[in-house]
Amino acid sequence: MSNVIQLSNVVKKYKEVTAVNHLSLKIKKGEIYGLLGPNGAGKSTTIFMLLGLTEPTNGEMFVEGVSPTVKPIEVKKRVGFLPDHVGVYEDLSGKENLTLTARLNGFSKLESDYKADELLEQVGLSHAKEKKAGKYSRGMKQRLGLADTLIKDPSVVIMDEPTLGIDPKGIQEFLEMIQRLRDERNITVLLSSHHLHQVQQICDRVGIFVHGELLAEGDIDSLQQQLLDKNSYQYEIETKESADRVAKLLTSQDNKIQTTIYDGKVHVTTKKRDEGELSKTIIDNGFHLLSFRKMSYGLDDIYQQYFQGGDTLGSGKI
Ligand SMILES: Nc1ncnc2c1ncn2[C@@H]1O[C@H](COP(=O)(O)OP(=O)(O)OP(=O)(O)O)[C@@H](O)[C@H]1O
C-alpha cells in the first residue's frame with residue numbers, strides 16, 4: 001500500500017514555542033489513523049500544516065505526493081477537512097446546504113441535487129434533509145459537515161476532534177459512519193482526538209502525540225508490546241492470604257521486583273519472565289495461590305502511561 005500522507009522530520013515553531021518537534025509519519029491508503037494527544041500536543045498545528053494553512057519551520061510533508069507548502073490549492077482539491085465545530089447555513093435545510101456547496105464546486109444543478117441526496121443518505125440524514133440545519137443536533141451538524149466535505153470526492157479526509165460536544169449515542173453513530181465511509185470509498189482518514197476510547201474503536205493505527213512529539217505508534221497490540229518491552233513482564237497474583245504479605249515476600253526475595261496492590265491482588269512488574277519461579281516462591285512460603293495471570297493492557301492503560309508518565313500500570317486488563 002502506498003503512503004497517502006507522509007511527514008519527514010517536520011518542525012513547527014511559534015517563536016519560542018515548539019508546537020511540532022521532528023514529526024515523521026506515514027499513513028497508508030485506506031487507513032484510519034488516530035492522532036491521539038492531550039490539549040496543546042500539536043495536533044491542530046499538524047493538521048493545519050497538512051492543509052497548507054501554515055508552513056512548517058523545517059522538514060517536509062506530502063499528501064498524495066503533493067506538498068501542501070508548495071501547492072496548497074492542489075492539496076485542498078484532494079483533502080476534505082472536518083473541524084470540531086462545522087459551520088452550516090442555519091437558515092438553509094440540510095439538502096440546501098449541500099447543493100450550495102456542490103454548485104460552488106462547479107457541479108450542475110442536476111448533479112448537485114443528485115449528490116446532495118446520495119450523501120445525505122450515506123450519512124444517515126435523508127429523513128431530515130428538508131429540515132433547517134439550524135434545528136439539527138450537534139451530531140447531525142457534524143454528519144452534515146462530513147457530507148459537505150465529501151462533495152468534492154476527496155481521497156483523504158482529515159478530522160480535528162470531530163466528536164466534540166456530541167452525545168454518546170451520536171458519537172457511536174458518527175464513528176460507525178466514518179468506518180463505513182472508509183470501507184465504501186476507500187478514503188484515507190486522519191483523525192485527531194484526545195478520546196482514547198473513540199480512537200481505539202475505529203483507528204487501524206494510533207500515534208500517541210505529546211508536546212509535539214510522537215512517543216509511540218502502531219496498532220493497539222504493538223503499542224501494548226512497546227510498553228511491555230519497556231516495563232518487562234507484569235502479573236496479577238491472588239492468594240488466600242493478604243496481598244500485602246505476598247508483596248512483601250516477593251520484594252524481599254528480589255529487590256528489582258515492583259509490586260502494587262489492586263483490588264486485593266498483587267500486581268508484579270519484573271524484568272524477567274518467570275511465572276514458574278514466582279509461583280514456586282509463593283507456594284514454598286506457605287501461601288495458597290488462588291490465581292496467577294499474565295496481564296495485558298488496553299489503550300487506556302497505554303494512554304495513562306504516556307500522558308501521565310506513570311511508572312506502573314495499575315489497572316491492566318487480564
Ligand atoms: N498561532 C499560534 N501562535 C503561537 N502558539 C501557538 C499557535 N498555535 C498553537 N500554538 C501553540 O502550539 C502548541 C500546540 O497547539 P495545538 O493547537 O496544535 O495543539 P492541539 O494538540 O491541537 O491541542 P488542542 O486540542 O487544545 O487544540 C500549543 O502550545 C499552542 O499554545
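The values are calculated or read from the model by the stated rules, or taken from the named source; none is laboratory data. Just so we're clear, the structure is a prediction, and the values are computed from it rather than from any experiment. Don't worry about glycine lacking a Cβ; one is built from the backbone with ideal geometry, like all the others, and counts go over all protein chains shown. Just the protein is used for accessible areas: all its heavy atoms, side chains included, with ligands, DNA and RNA removed. Shrake-Rupley method; radii C 1.70, N 1.55, O 1.52, S 1.80 Å.
Summary of computed values
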quantity: Accessible carbon and sulfur surface of the chain relative to its total accessible area, %, 1.4 Å; calculated: 48 percent
quantity: Amide H within-cut-off set for Tyr262, under 5 Å, with H built and near neighbours excluded; calculated: His267
quantity: Cβ-Cβ FRET estimate between Glu74 and Glu213, R0 fixed at 51 Å, reported to 0.05; calculated: 0.95
quantity: Separation in nanometres of the label points that stand 7 Å from Cα toward Cβ, at Tyr114 and His85; calculated: 3.7 nm
quantity: Cβ-defined net charge surrounding Val246, 12 Å radius [Lys, Arg +1; Asp, Glu -1]; calculated: 0
quantity: Derived scalar couplings ³J(HN,Hα) [the range 275-291; Karplus, 6.51 cos²θ - 1.76 cosθ + 1.60; whole Hz; x for Gly, Pro]; calculated: 3, x, 5, 5, 5, 5, 4, 5, 5, 4, 8, x, 8, 9, 7, 8, 7
quantity: For Asp91, net neighbour charge (Lys/Arg +1, Asp/Glu -1) across residues whose Cβ lies under 11 Å away; calculated: 0
quantity: Degrees, to the nearest 10: 220-231 long Cα axis against longest axis of the chain; calculated: 40 degrees
quantity: The range 1-73: trypsin sites (Lys or Arg not before Pro) falling in loop per DSSP and having at most 15 other Cβ within 10 Å; calculated: Lys15, Lys29
quantity: Net +/- balance of residues flanking Arg103 in space, Cβ distance below 14 Å, scoring K and R +1, D and E -1; calculated: 0
quantity: Straight-distance crosslink candidates among lysines, where the alpha carbon sits under 17 Å from Lys26 and sequence neighbours closer than 8 are dropped; calculated: Lys43
quantity: Simple spin-label estimate for Asp284 and Ser242 in nanometres, 7 Å along Cα-Cβ; calculated: 2.5 nm
quantity: Using a Förster distance of 41 Å, the FRET efficiency for Tyr14-Asn255 (Cβ separation, nearest 0.05); calculated: 0.30
quantity: Cβ-derived FRET efficiency at R0 45 Å, Arg185 paired with Tyr233, nearest 0.05; calculated: 0.55
quantity: log10 of Debye I(q)/I(0), alpha-carbon scatterers only, for the chain at 0.09, 0.13 Å⁻¹; calculated: -0.58, -0.94
quantity: With Cα atoms, 0 to 90° folded angle of helix 168-185 axis to the chain main axis; calculated: 70 degrees
quantity: Whole-number accessible area per residue in Å² for the chain, which is evaluated in the context of all protein chains at 1.4 Å; calculated: 48 Å²
quantity: Residues whose placed amide H lies under 5 Å from that of Glu241, excluding near-sequence neighbours; calculated: His288
quantity: Peptides 138-145, 71-78, 184-191 ordered by average Cβ neighbours within 10 Å, highest first; calculated: 138-145, 184-191, 71-78
quantity: Fraction of beta bridges assigned by DSSP in the chain that are antiparallel (%, nearest 5); calculated: 65 percent
quantity: 16 Å cut-off, amide nitrogen to a point 7 angstrom out along Thr57 Cα→Cβ, residues in the range 6-26; calculated: 9-24
quantity: Inter-part distance where the range 166-225 and the range 95-159 are each reduced to a Cα centre, Å; calculated: 23 Å
quantity: Residues whose placed amide H lies under 5 Å from that of Thr188, excluding near-sequence neighbours; calculated: Gly30, Val156, Val157
quantity: Whole-Hz couplings from phi, Karplus 6.51/-1.76/1.60, listed for the range 237-250; x for Gly and Pro; calculated: 10, 10, 10, 5, 7, 5, 4, 4, 5, 5, 4, 4, 4, 5
quantity: Hz values of 3J(HN,Hα) by residue in the range 34-51 - Karplus curve (6.51, -1.76, 1.60), Gly and Pro given as x; calculated: x, 9, 9, x, x, 4, x, 6, x, 5, 5, 4, 4, 5, 4, 5, 5, 8
